[in-house]
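Since every read-out is calculated from the coordinates, none of them should be taken as a lab result. The structure displayed is predicted, hence computed values, not measured ones. Glycine also receives a Cβ, built like all others from the backbone with ideal geometry; neighbour counts cover every protein chain displayed.
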């Protein structure tokens, strides 16, 4: 945990008192208004509200090509598992188009070699 805040009622407002912190923006024992806006401004709007990036999954053609190439190309044990783990997915059907394209390119390169 990087930040522990105790919320204190001070009259009509609430304050956040920093109890433990590993963040430079929140020095230990400091206080701040306990509002969303105050927290976001201090912590960083780009961290709390990052721009979303749409994920485009691999096409059925890419998945079919990967399966075809995996039958042809001999890879060291654990290579496919490592690729899937690096992509943080449990199977090829969850992989992004970009990573699927890189896998296809690599596998085709292994055939040519």
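How would 108, 22 line up from fewest to most surrounding beta-carbon atoms within 10 angstrom?
Values: 108 14, 22 10.
Fewest-to-most Cβ neighbours within 10 Å comes out as 22, 108.
Specify whether the C-alpha gyration tensor of the stretch 60-112 places it in the rounded, prolate or oblate class, a ≥ b ≥ c being the square roots of the eigenvalues: rounded for a/c under 1.5, otherwise prolate if a/b is larger than b/c and oblate if not. It would help to have the intermediate numbers written out before the result.
Details: a/c = 1.72, a/b = 1.21, b/c = 1.42.
The shape class here is oblate.
Rounded if a/c is under 1.5, else prolate if a/b is larger than b/c, else oblate: which is the chain, with a ≥ b ≥ c the root eigenvalues of its Cα gyration tensor? Before the final figure, lay out the partial values.
Values: a/c = 4.74, a/b = 3.33, b/c = 1.42.
Note, shape of the chain comes out prolate.
Arrange the following residues from fewest to most other Cβ atoms within 10 Å of their Cβ: 72, 104. Spell out each step's value before the answer.
Details: 72 10, 104 18.
If I rank by nearby Cβ atoms, fewest first, I get 72, 104.
How many nm is it between the label spots at residue 88 and residue 43, if each spot is 7 Å from the Cα in line with the beta carbon?
Calculated label separation equals 1.7 nm.
Rank the residues 90, 30 as a footprinting-exposure proxy: fewest other Cβ atoms within 10 Å of their Cβ go first. Please report the intermediate quantities before stating the final value.
Details: 90 9, 30 13.
By the 10 Å Cβ count, ascending: 90, 30.
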